[in-house]
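Enquirer: Got a structure here, written out as structure tokens. Questions coming.
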Amino acid sequence: MQLNHVSRPTAARLTAVLLAALFCLPVAAVAAFPATPEQAAPEQATPEQTSQSPAASEAAAPGAAALTAVEPDPAPSPLAGGDVVTGTVSPIGTTINLFDYWITTRDAPDNVNPPDMNQGINAGKVLQFSANAGTGGGINNYTGSSNPRTGMVDNTLQSGYPRLAQSGQSLNYLFDPALPNAGKAAYANVRTLLQIDDDGYYYYDCTQNFAQFDETANAFTLFDGPGVKAAGAIPIEGQFFPFNDYS
């Protein structure tokens, strides 16, 4: 998913639907005008954790991030090694919420389906996470091509969140960090994912920098290189796996 040169008020209202839950492409330019030091200064972060701790739940599936709005906070202490990126920022007017979803337990493999799919993040929900739902016409199926499935949600947000068009079920359980749900860990207002480019725009590009999330600091450490090397039939350099360690 790529966000290009949108205004700061618009960016403050954006909810990035499952950003990087399945994959990550460059996220670019979420500032309307070049950033000033007052708007985004690199800082040393303190953990102002406003997250729903995953301790109450168990186990991983895709990560996701949503953009909204807040004040900058300091950066996490760099990890050992010379490949840590410095100068990351938490711009005023932008909030990034990070989510982790799973079906059984947080650390269970997510490349196979459990016998009972109606549990965890899927319990009682129309939108189902699965390893392989096959090709078909339903919202949980693969379209069979690179063409996206359209018309899944209403054209306008309902109470601030997407709503499935056919069933009318709100997706707030996925994107509201204050709303507890089985199979979900939420981290509100995470810090230091963004950098500032030569034109003064904020950006994060997973093809250039692996982002590792520090749950204690509620902030990211960026590394000078992608975390996943291109391979396979459709090679994608980079990708976004914030709950994995860079190695």
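All of the numbers you see were taken from the coordinates with simple rules; none came from a lab. Here the structure is a predicted model, which is why all the values come from computation and not from measurement. When we count neighbours, we look across all protein chains shown, and the Cβ atoms used for this are built from the backbone with ideal geometry, even at glycine.
Enquirer: What ranking do ARG106, ARG191 get, fewest neighbouring Cβ atoms within 10 angstrom at the top?
Expert: If I rank by nearby Cβ atoms, fewest first, I get ARG106, ARG191.
Enquirer: Once the Cα gyration tensor of region 123-232 is found, what semi-axes does its equivalent ellipsoid get, as square roots of 5 times the eigenvalues, in whole Å, sorted largest first?
Expert: Calculated on Cα positions only, the semi-axes equal 30, 21, 16 Å.
Enquirer: Fewest first, what order do LYS125, LYS229 take by the number of other Cβ atoms within 10 Å?
Expert: Lowest to highest Cβ neighbour count: LYS229, LYS125.
Enquirer: Describe numerically, in nm with one decimal, the distance between label points set 7 Å from Cα along Cα→Cβ at THR135 and at THR150.
Expert: Spacing of the two 7 Å Cα→Cβ label points: 2.1 nm.
Enquirer: Sticking with this one: State, to one decimal in nm², a quarter of the convex hull surface area for the C-alpha atoms of region 190-233, i.e. the direction-averaged projected area.
Expert: Mean projected area of the Cα convex hull: 4.2 nm².
Enquirer: If Lys and Arg each add +1 and Asp and Glu each add -1, what is the summed charge of the other residues whose beta carbon sits under 12 Å from the beta carbon of ASN172?
Expert: +2
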